[in-house]
1. If you go through segment 48-72, how many residues are closer than 16 Å to Arg25 by Cβ and open to solvent by less than 10 Å² (accessible area, probe 1.4 Å)?
2. Say whether the condition of being farther than 24 Å from Glu244 by Cα and within 21 Å of the chain's Cα centre (by Cα) is met by at least one residue in segment 79-94.
3. Mind listing whichever residues of segment 73-86 are buried (at least 19 other Cβ atoms within 10 Å of the Cβ) and assigned to a loop (DSSP other than H, G, I, E, B)?
4. Can you tell me which residue in segment 164-192 is most open to solvent (accessible area, probe 1.4 Å), limited to those that are touching a Gly at 6+ places or on another chain (Cβ under 7 Å) and of a type in the set (A, V, I, L, M, F, W, C)?
5. If I filter segment 235-255 for residues that are touching a Cys at 6+ places or on another chain (Cβ under 6 Å) and open to solvent by 10 Å² or more (accessible area, probe 1.4 Å), do I get at least one hit?
6. So, of the residues in segment 80-110 that are farther than 22 Å from Ala151 by Cβ and among the polar types (S, T, N, Q), which turns out to be modelled with the lowest pLDDT?
7. Please work out which one of (1) in contact with a helix residue (DSSP H, G or I) (Cβ under 7 Å, 6 or more places away or on another chain); (2) surrounded by fewer than 24 Cβ atoms within 10 Å (Cβ to Cβ); (3) charged (D, E, K, R) is the condition Arg206 fails and give its number.
8. Would you mention how many residues in segment 256-275 are within 14 Å of Asp55 (Cβ to Cβ), open to solvent by 20 Å² or more (accessible area, probe 1.4 Å) and assigned to a loop (DSSP other than H, G, I, E, B)?
Amino acid sequence: MRYLLRHTTHYQYSGAVTLSHNEARILPRVLPWQDCSNTQLVITPIPDRMRERTDFFGNRVVYFSIESLHESLDVSVTSEIVTRPRASADIFSNISWEQAVDELRYDPRQTNRDTLDARLYALSSPFIFQSPGLADYARGSFTPGRNLVDAVLDLNQRIFSEFTYDPEFTTLATPLHDVLASKRGVCQDFAHLGIGCLRSMGLSARYVSGYMETLPPPGQQKLLGADATHAWLAVFVPGWGWLELDPTNGCVPDERYIILGWGRDFADVTPLKGVMTGGGDHTLSVAVDVLPQQEGTQGQVRDLV
């Protein structure tokens, strides 16, 4: 699939900002199944300093600082994305979930690098704490001896079927046990919930941030700026790799999904964060477009990043 991706963030402040330092994680990753080209990043006011780096998790991060008085901030990125099918599960993924847990706990001196790296994602993190309640919910899918992939697919489908998407119910600070008790939330909550369940069973799971192509109602045109960032998760399958899951939609991500980055939870992949002097109160608006492109279509942007 070929897409033109646009993501614009606008901050409006009630007072003047004299100095701000920011980090943006809005540049898509380059992956074996995902190419990113012709990227244009525009920041207004023009930053006094700006540089790109790669963080601990391999995500692309742009640091920028603005040292002049300003009452608004606009950050816009446009990029051409080409996605291909993810690798399919194979014979090496045909293990029980108990075997996967044992391998993650095995002597690190006799374990391959991929498994060693995955152990980081088996630990609690700022937004996700292992708990008996999460483990109890997960056990409905993780019956003794069950195949790991079958178990995680079942958990993914249960969250999709049993929980209600409700953008008014939760905030970033809503604890996972409230999401579990109410069975309500948004994609970020459902990704955190799935990760918490898997980690509480002794498995490794990571948070994935990105976009998904959405379609308008039948007979209607797609509204510009109506798309949004999306969140899902990936579980580590020893001997094979990372299997992505989208509990919000009850499916396995495919070429319609564009990955920005991944980490332990949302805190590791916040799209834009920073500190500033002054500014007072602020309002935030975000517009996202994931626009399908025909093969051979060339975007009208320059490669600046």
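The values are calculated or read from the model by the stated rules, or taken from the named source; none is laboratory data. All values derive from a computational prediction rather than experimental measurement. Cβ atoms come from the backbone with ideal geometry, glycine included; neighbour counts cover every protein chain shown. Areas reflect the complete protein model, heavy atoms only, side chains present, ligands, DNA and RNA absent. Shrake-Rupley method; radii C 1.70, N 1.55, O 1.52, S 1.80 Å.
1. 4
2. Residues of segment 79-94 that are farther than 24 Å from Glu244 by Cα, as a first pass: none.
Among the residues of segment 79-94, not one is farther than 24 Å from Glu244 by Cα and within 21 Å of the chain's Cα centre (by Cα), which makes the answer no.
3. Start the filter on segment 73-86 by keeping residues that are buried (at least 19 other Cβ atoms within 10 Å of the Cβ), which leaves 73, 75, 77-81, 83, 86.
Answer for segment 73-86, where residues must be buried (at least 19 other Cβ atoms within 10 Å of the Cβ) and assigned to a loop (DSSP other than H, G, I, E, B): just Arg86.
4. Taking segment 164-192 first, the residues touching a Gly at 6+ places or on another chain (Cβ under 7 Å) are 166, 169-170, 176-177, 179-180.
Subset that is of a type in the set (A, V, I, L, M, F, W, C): 169, 176, 179-180.
Details: Phe169: 86, Leu176: 22, Val179: 1, Leu180: 33 Å².
In this case the residue turns out to be Phe169.
5. Within segment 235-255 (the criterion being touching a Cys at 6+ places or on another chain (Cβ under 6 Å) and open to solvent by 10 Å² or more (accessible area, probe 1.4 Å)), the answer is yes, since at least one residue qualifies.
6. Among those residues, the one meeting the criterion is Gln110.
7. So Arg206 meets the others, but not (2).
8. Residues meeting the conditions: 3.
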